[in-house]
Amino acid sequence: MHTVTENTQRFSSSPATVESFTSEFVRQLRYEQGVDLGFASSDDLYQALARTVRRYMIDNWLDTLSTQTAKGAKAVAYLSAEYLMGPQLPNALLATGLAEVARDSLAALGLDLDEIGATEVEPGLGNGGLGRLAACFIDSLATMDIPAVGYGIRYEYGIFRQTFVDGRQAEQPDPWLSKGSPWEFAHPDMAVEVGFHGHTERYTDAAGVERTRWVRGDCVLAVPYNYMVPGYGTKNVNTLRLWSAKATNAFDLQIFNAGDYEAAVRAQTVAENISKVIYPEDSTPQGKELRLKQQYFFVAASLADFINQTLPQGFDLTKIHERVTFQLNDTHPVIAIPELMRILVDERGIDWATAWDVTRKTFNYTCHTLLPEALEVWSVELLGRLLPRHLEIIFQINEEFLAEVRKAYPGDELRARRMSIIQEQPERAVRMAFLASIGSSKINGVAELHSQLLRDKVLNDFSELWPSKFTNVTNGVTPRRFLALSNPGLANLITEAIGEGWVKDLERLRELEPFAEDASFRSEFRAVKAANKERFVELIAQRDGIELPADAMYDVMVKRLHEYKRQMLKLLHVVTLYDRVLRGELRASDITPRVVTFGAKAAPGYKMAKEIIALINAVAKVVNHAPELQGRLQIAFPANYNVTLAEKLIPAADLSEQISLAGKEASGTGNMKFALNGALTIGTLDGANVEIYDLVGDEHFFLFGLTEPQVADVVDAGYKPGAYYEGNRSLKGAIDLIASGAFSNGDRNAFEFVLSDLLGKDRFLVLADYQAYVDAQDKVEVAYADQEAWSRSAILNVARTGFFSSDRSIQDYLDRIWHAKPQPVR
Ligand SMILES: *Cc1c(COP(=O)(O)O)cnc(C)c1O
């Protein structure tokens, strides 16, 4: 069952008792929800419970704010278009230490905490890893007492809900706010105006100085909604401020007075569309106008908010970098760079050179990709129309930058053209990653290999010009959500062994190493894993109507569906096993019982990804009903992979599939969650897998596949996937089986789109890595047969991956980039 509170870790700074909690809960129900306990719906109960818990956080929140304001210390402002938060209630209960009190209070009223908690709809304000990273980071910032604010967008509709119709992905809107959110505080009084369109004008000011002003064509209101971000084991509660778009009164009125009521209402809709829905493309930007509007909208509101509300009145903005560092989470918020220039130069009359110096000291940029198609560009035409002044500023930044390049590399015009912020082909467009690199103090990649490839390849010209700008901060995940909350069984086992200090100091998991040698500990560890499988099996039966065995190896691949992540490789392994059984080459009884679990959303416009989903479901349907494979091999593909599902699935996993083509996955964070929960990884040397492999050691990791330099060699030599197909009997068997119509009721063309690409192009070298992958899976089979050795490896994975706490990532950001200090609330 869904459990919010089995965990016993807590800090009991709160004076709450069962009596006071109960009376607050009943008060909330009666006087805020307006219902009597006997008539309360499940949503009434959830709202009242959330508001009760919230009640215990607010004083600390307000104290944090006043402490930080009084101290005037440097703050971190994290700018991110996405926050994939996951359920809020369990996290708030953990942070406040109220879990047991809440459970007992509710029980006394005849209510069940887990049942009430299960009605929460998670705020899906992100696509995948990037948004989840932002959520982990704000958790760590609060836990580490760093003055920080997360800025983003309050999308009215989160990431779509995925269902399968005849095995194909269908998308439903996610109206996560339809019943309101008890966790947010709206401040329409604090709304900020954000302008768009219009034109620019030159003028001479009173002092005789030539200046520029932007005459906006229209504007919208950005209304802030504040969310508490409670630190764990501290009084500090930080703020996440998400912006919602609203039509301005003035704008409305103008049209209305002109006598066109319909146009006025239409204008309102246009304005409010800005924060209506999150774009569902993960790492392939679509260049849509509304998307650029969203980016500028939240960034302009956030800068204005920080400058006008957080900084003291009359603050000298040439010192803004002493009070804040704006971290750009990928290129989505990069328009903040010209926006700050506009504020400093146009609005504050600061000279360009000083403004540029200050701006570059204020921003830092995190790059999240290596795929060229994922690097955001905005057409000059669109950007100039939507934000005419910003385009001028970008041009001027570029002009000065290119002069610097030409000075550093005289005569190297090719280099200057390569490095220009403006690309000329296929259309004139602004390269946001270049603008970010030029306008920031530090540029970081998100894993060692990724940062190295940024320096050596993607941003090589920039690292040659400014070697010291580049640094690495390997990603992390919060141990609160992804261990303490999601895996209470393991969390308790760890705490019994080494005490509870690990929750805030994850490197202490090292102290578990000796326990890997202790047979009784291993047996308890296996019991926890078995219980987590039971919990997952129950959930999936309820949620998806899928029947699964609890006593199998759980082989799990969950992440966005993307060709570079290579879900196809995993699927080919399954098809290979089936094919070998059909051919009599493999006895089904020799296969270790396995449940291969997929979870993946595809961007709605990403045809190949959607075809692969259909293929996985088609294979699942046949394999799961094949009499010869009963009890041996089963595919589970629950729809709508999200944080809620991740929290139940990851603790149940034995084998973590991290099989992207080397050199394509920037870091991955799913890989870290699995290792920390005692799954062994089968993976390539890609992203943070490299660091996981180095930390856990070769005997406890199933490494396979081409390395990044080998990939480059294979591609340079002219990769021919057809040759791998022709030259490998089992690979040919698997592909032929799909092509035969065995998974499509005899329709031989059903998966033509996928197969012809694999055999013709195979951009991500699935076929080249196939044999190495199958061999590695054979090693998994052998290793799993020795459960004592397997558990030892699993425990060592937990013990050795404390490095991947997002607390460590944040400490790295503090040391290498931000230089902000903790401000604990007393
Ligand atoms: C951690 C997480 C991701 C990122 O997974 P990767 O394997 O790193 O791509 C995506 N979605 C959800 C819901 C997650 O929790």
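Assuming a ≥ b ≥ c are the square roots of the Cα gyration tensor eigenvalues, decide whether the stretch 710-794 counts as rounded (a/c under 1.5), prolate (otherwise, with a/b larger than b/c) or oblate. It comes out oblate by the Cα gyration axes.
Here the chain exposes an accessible surface that is 51 percent carbon and sulfur, computed with a 1.4 Å probe and the other protein chains kept in place. The overall shape of the stretch 767-826 is oblate: from the C-alpha gyration tensor, with semi-axes ordered a ≥ b ≥ c, the ratio a/c is 1.5 or greater and a/b is no larger than b/c. What percentage of all Cα-Cα pairs in the stretch 1-158 are separated by more than 21 Å? Summing the P(r) of the stretch 1-158 above 21 Å gives 53 percent of all pairs.
Using the Cβ-Cβ distance between LEU109 and ALA70 with R0 set to 35 Å, the FRET efficiency works out to roughly 0.30. Dipole orientation for the chain: of the candidates ASN487, GLY746, THR801, THR801 has the Cα lying most toward the positive pole (charges on Cβ; Lys, Arg +1; Asp, Glu -1).
Taken along its principal axes, the alpha carbon cloud of the stretch 672-826 reaches lengths of 70, 40, 33 Å, longest axis first. For the chain, relative contact order (Cα pairs under 8 Å, six or more residues apart, normalised by length) works out to 14 percent.
For the chain, the solvent-accessible area with a 1.4 angstrom probe is 37 square angstrom per residue. The orientation-averaged projection of the convex hull spanning the C-alpha atoms of the stretch 535-658 amounts to 7.4 square nanometres. When the chymotrypsin sites (Phe, Trp or Tyr not before Pro) in the stretch 191-260 are filtered for DSSP coil states and for at most 10 other beta-carbon atoms within 10 Å of their beta-carbon, no site remains. Computed about its Cα centre, the charge dipole of the stretch 569-702 is approximately 660 debye, with only Lys, Arg, Asp and Glu carrying charge at their Cβ. For the chain, complete DSSP H runs whose alpha carbons reach 20 Å or more along their own long axis and whose mean Kyte-Doolittle score is 0.5 or higher are 129-143, 567-582, 607-623.
In this simple spin-label model, placing a label point 7 Å from the Cα along the Cα-to-Cβ direction at both ASP736 and SER523 gives a separation of 5.0 nm. Peptides 681-693, 60-72 ordered by packing proxy, namely the average of other Cβ atoms within 10 Å per residue, highest first: 681-693, 60-72. Partner aspartates and glutamates whose Cα lies under 16 Å from the Cα of LYS179, excluding those fewer than 8 positions away in the same chain, are identified as GLU32, ASP43, ASP44, GLU120, GLU122, GLU156. The distance from the alpha carbon centre of the stretch 352-425 to that of the stretch 689-745 is 38 Å, rounded to a whole number.
Note on the stretch 362-410: percent of Cα-Cα distances in each 5 Å bin, starting at 0 and stopping at the bin with the largest distance, equals 5, 15, 14, 17, 25, 20, 3, 0. Among 544-552, 320-328, 628-636, sorting by the average number of other beta carbon atoms lying within 10 angstrom of each residue, highest first, gives 320-328, 628-636, 544-552. With both labels modelled 7 Å from their Cα along Cα-to-Cβ, the VAL18 to SER41 distance reads 3.1 nm.
Label point of ARG816 set 7 angstrom out along Cα-Cβ; within the stretch 352-369, amide nitrogens under 15 Å from it belong to 364-369.
Other residues lying with their Cβ under 14 Å from the Cβ of GLY718 contribute a combined charge of 0, Lys and Arg counting +1, Asp and Glu -1. Can you bin the chain into rounded, prolate or oblate? Criterion: square roots of the alpha carbon gyration tensor eigenvalues sorted a ≥ b ≥ c, rounded for a/c under 1.5, prolate for a/b above b/c, oblate for the rest. Oblate shape, in that a/c is at least 1.5 and b/c is the bigger or equal ratio.
Shape descriptor for the stretch 371-449: Rg over Rh equals 0.99 (Cα atoms; Rh from the Kirkwood inverse mean 1/r). Among all the lysines, which ones have a C-alpha under 16 Å from LYS361's C-alpha, if same-chain residues fewer than 8 places away are not counted? LYS361 reaches LYS74, LYS319, LYS442, LYS469. Estimated translational diffusion coefficient (Stokes-Einstein, Kirkwood radius over Cα pairs, 10 °C, 1.306 mPa s) of the stretch 592-652: 124 µm² per second.
Mean sequence separation of contacting Cα pairs (under 8 Å, at least six apart), scaled by the length of the stretch 77-234, corresponds to a relative contact order of 25 percent.
The values are calculated or read from the model by the stated rules, or taken from the named source; none is laboratory data. Keep in mind that this is a model prediction, so the values were computed, not measured. A quick note on method: Cβ atoms are made from the backbone with ideal geometry, for glycine too, and the neighbour counts reach across all protein chains shown. In case anyone asks, the SASA skips ligands and DNA or RNA and just uses the protein heavy atoms, side chains included. Shrake-Rupley method; radii C 1.70, N 1.55, O 1.52, S 1.80 Å.
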